[in-house]
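Notes for the one structure printed next.
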């Protein structure tokens, strides 16, 4: 096991690698418990705190750069065997965000994800649960995908198998367990969509001017994320077979005698 308190370009005899052009020496804890693990930091990344633990081999952490916006990231990350965590550019956290990926799954965050306090993204439950009759594993680890420009509200929990589309908002204390489409507000446990066709902005209600923001004329729209929610289209049912005419039905009855 190797433990590091400085984040800089690094490689050891177990092929654990850190790729970065920068050096971070405050609030850093990196633990390698296996081989062939990898950390990649994009230029310009802002780290307020990073705690990452690799519990197996072949784990990967990729952190995108942070430029042009306030804040940075406070990350508490656990990566197991063959698992990957990918965090896009300009992702920010208010306080520590916990991310867990094990057993070969990937937890992926797009660009410009805004993460409120006490948020967790868990691709696994930490411990296995089995059926006592069959021995079948009941809670397999599953991937998580968060789109770009997503706002994860205070205390929200995103579980394995979840997907959140671009531009959506997850409400405070919500538990995401399934697919949330783009440009929606989803709340509750489990989280359900309560509003579609929404867009949100990073502008702060008290810190940024103007002091009143009654409508969208107060912001500069990002057309990429100012989109209607994509609706699911119901499959078109196949037409019923044509009914046979009276002559065909009579012929079939005669032949069946």
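The values are calculated or read from the model by the stated rules, or taken from the named source; none is laboratory data. In this text, all values refer to a predicted model and were calculated from it rather than measured experimentally. Because the Cβ atoms are built from the backbone with ideal geometry, glycine has one as well, and the counts that use them run over all protein chains shown.
In the set 113, 85, 175, only one residue is in contact (Cβ under 8 Å) with a residue 12 or more places away in the chain, more than 21 Å from residue 52 (Cα to Cα) and out of contact with any helix residue (DSSP H, G or I) (no Cβ under 9 Å at 6 or more places or on another chain); that residue is 175. Here region 43-59 is the region considered, the condition is being touching a strand residue (DSSP E or B) at 6+ places or on another chain (Cβ under 7 Å) and modelled with pLDDT of 95 or more, and the residue that is surrounded by the most Cβ atoms within 10 Å (Cβ to Cβ) is 59. Close contacts from region 1-23, counting a first residue that is within 19 Å of residue 33 (Cβ to Cβ) and a second that is assigned to a loop (DSSP other than H, G, I, E, B) and at pLDDT below 95, with Cβ to Cβ under 6 Å and a gap of 6+ residues or different chains, come to 6/25. Taking every residue in region 202-221 that is touching a residue at least 60 places away in the same chain (Cβ under 8 Å) and pairing it with any residue that is outside any loop (DSSP other than H, G, I, E, B), at least 6 positions away or on another chain, the pairs with Cβ-Cβ distances below 7 Å are 202/114. In the set (1) within 16 Å of residue 153 (Cα to Cα); (2) part of a loop (DSSP other than H, G, I, E, B), the condition left unmet by residue 186 is number (2).
Can you pull out the residues in region 13-32 that are under 23 Å from residue 58 (Cβ atoms), part of a loop (DSSP other than H, G, I, E, B) and touching a strand residue (DSSP E or B) at 6+ places or on another chain (Cβ under 6 Å)?
Result: 16, 20.
Here residue 103 clears all of (1) more than 15 Å from the chain's Cα centre (by Cα); (2) within 23 Å of residue 201 (Cα to Cα); (3) touching a residue at least 24 places away in the same chain (Cβ under 8 Å) except the condition numbered (2).
Quick check on residue 40: is it within 20 Å of residue 146 (Cα to Cα) and modelled with pLDDT of 95 or more? Taking the combined requirement at face value, the residue satisfies it.
Does residue 252 qualify as being in a loop (DSSP other than H, G, I, E, B) and modelled with pLDDT under 95? Answer is no for this residue.
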